[in-house]
Amino acid sequence: MNTKRRALPVLLERDFRKLAATQGATVEIECVSAPNPESRFTGEWLFYVVSPSGERFLLVTALARERIVNSPIGMFGLAFGKLNLDHLDVPSVAGAVCTGMRSLPGGSDPLE
């Protein structure tokens with residue numbers, strides 16, 4: 001990881017999900033390492049939420065480390081199970097970022 005990412009404001013999953021569910025917020029996904037077809041398309045992706053005012057937050061673990069998603073099944077679980085995104089755009093080139101995804105109300109894992 002580079003220091004540019006770590007300089008961003010961060011949110012734990014619960015707060016990340018709450019912000020993503022607000023009107024006007026969007027979710028972004030960054031490809032850190034490209035998926036490898038020889039290893040079941042494992043790669044590394046980071047999730048960000050952009051507030052309605054334009055501030056960008058990185059999803060982190062309880063230990064304040066970047067939450068890296070390593071597999072397609074993990075990507076689907078977080079995108080649709082936790083965030084209930086309206087669609088999923090997945091970047092496949094290291095450094096690429098997909099934007100404009102929105103969290104819809106409801107989902108299989110609702111907010112507390």
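The values are calculated or read from the model by the stated rules, or taken from the named source; none is laboratory data. Quick caveat: nothing in here was measured; it's all calculated off a predicted structure. Cβ: placed from backbone, ideal geometry, glycine included. Neighbour counts: every protein chain shown.
Okay, residues lined up against (1) among the hydrophobic types (A, V, I, L, M, F, W, C); (2) modelled with pLDDT under 90; (3) closer than 19 Å to Gly106 by Cα:
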residue: Thr3; (1), (2), (3): no, yes, no
residue: Phe41; (1), (2), (3): yes, yes, no
residue: Trp45; (1), (2), (3): yes, no, no
residue: Leu59; (1), (2), (3): yes, no, no
residue: Met75; (1), (2), (3): yes, no, yes
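Each row is one residue, and each column tells you yes or no for (1) closer than 21 Å to Arg102 by Cα; (2) in a helix (DSSP H, G or I).
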position: Gly24; (1), (2): yes, no
position: Pro35; (1), (2): no, no
position: Ser53; (1), (2): yes, no
position: Ala79; (1), (2): yes, yes
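For segment 36-64, filtering for residues that are surrounded by fewer than 18 Cβ atoms within 10 Å (Cβ to Cβ) and over 27 Å from Gln23 (Cα atoms) leaves 9. In this structure, Ser33 qualifies as surrounded by 13 or more Cβ atoms within 10 Å (Cβ to Cβ) and in contact with an Asp or Glu (Cβ under 6 Å, 6 or more places away or on another chain).
Among the residues of segment 58-84, just one is over 20 Å from Ser33 (Cα atoms) and either hydroxyl-bearing (Ser, Thr, Tyr) or within 10 Å of the chain's Cα centre (by Cα) (or both), namely Leu83. Which of the residues spanning segment 37-51 are over 15 Å from the mean Cα position of the chain (by Cα) and part of a strand (DSSP E or B)? Hit for segment 37-51 is Thr42, nothing else. Within segment 81-95, the presence of at least one residue that is in contact with a strand residue (DSSP E or B) (Cβ under 9 Å, 6 or more places away or on another chain), surrounded by fewer than 18 Cβ atoms within 10 Å (Cβ to Cβ) and of a type in the set (D, E, K, R) is confirmed.
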